Ligand SMILES: [Zn+2]
Ligand SMILES: [Zn+2]
């Protein structure tokens, strides 16, 4: 655990607070040797217009999202179109019709739908 020196500078109208290796949510140290280095992702946080921008990392715990189906905190999840999240495990376990939106919003599926629709329209028009 090292002491992070917090450096503040300004970028246009914004005050930037450099958190170095700290998590922008829980302020936990994510430096090498902290045990949270591998799964950290770059992160910035601003709590509102005009407030300082915190530049740091998001630790693995703060990346987790509560699954709407099983209620567990999960790292692998997809966002529902209506809001909320569901973990990949639940997506796989659930009847696929329940999660048709996952299939339908997949880029490959949209491509297939596009081709099929084009074919049907083409068949009727021709
Ligand atoms: Zn955190
Ligand atoms: Zn789940």
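Below is a table of values for the structure above.
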read-out	value
Helix-only [θ]222 nm of the chain, DSSP H runs n ≥ 4, -39500 (n - 2.57) each, per residue, nearest 500	-7500 deg cm²/dmol
Simple spin-label estimate for residue 116 and residue 9 in nanometres, 7 Å along Cα-Cβ	5.3 nm
Value of Rg/Rh across the chain [Cα atoms, Kirkwood radius]	1.19
Antiparallel DSSP beta bridges within the chain, percent to nearest 5	80 percent
Helix 107-125 axis, angle to the chain major axis (alpha carbon atoms, nearest 10°)	30 degrees
Centroid-to-centroid separation of the range 15-51 and the range 78-93 [C-alpha atoms, Å]	26 Å
Computed lengthening from residue 88 to residue 45, 0.36 nm per intervening residue step minus Cα-Cα distance	12.9 nm
Over the chain, relative contact order from alpha-carbon pairs under 8 Å, at least 6 apart, %	15 percent
Rough spin-label spacing in nm, given labels placed 7 Å along Cα→Cβ, for residue 125 and residue 73	5.3 nm
Computed over the range 7-62: relative contact order in percent, which uses C-alpha pairs under 8 Å that are six or more apart	39 percent
Stokes-Einstein D (µm²/s) once Rh is taken as the Kirkwood radius of the range 64-125 over alpha-carbon pairs, at 25 °C in 0.890 mPa s	186 µm²/s
Over the range 7-62, equivalent-ellipsoid semi-axes from the Cα gyration tensor in Å	23, 11, 7
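Each reported figure results from applying straightforward, stated rules to the coordinates on display, with no laboratory input. All values derive from a computational prediction rather than experimental measurement. With ideal geometry, Cβ positions are generated from the backbone for all residues, glycine too; neighbour counts draw on all protein chains shown.
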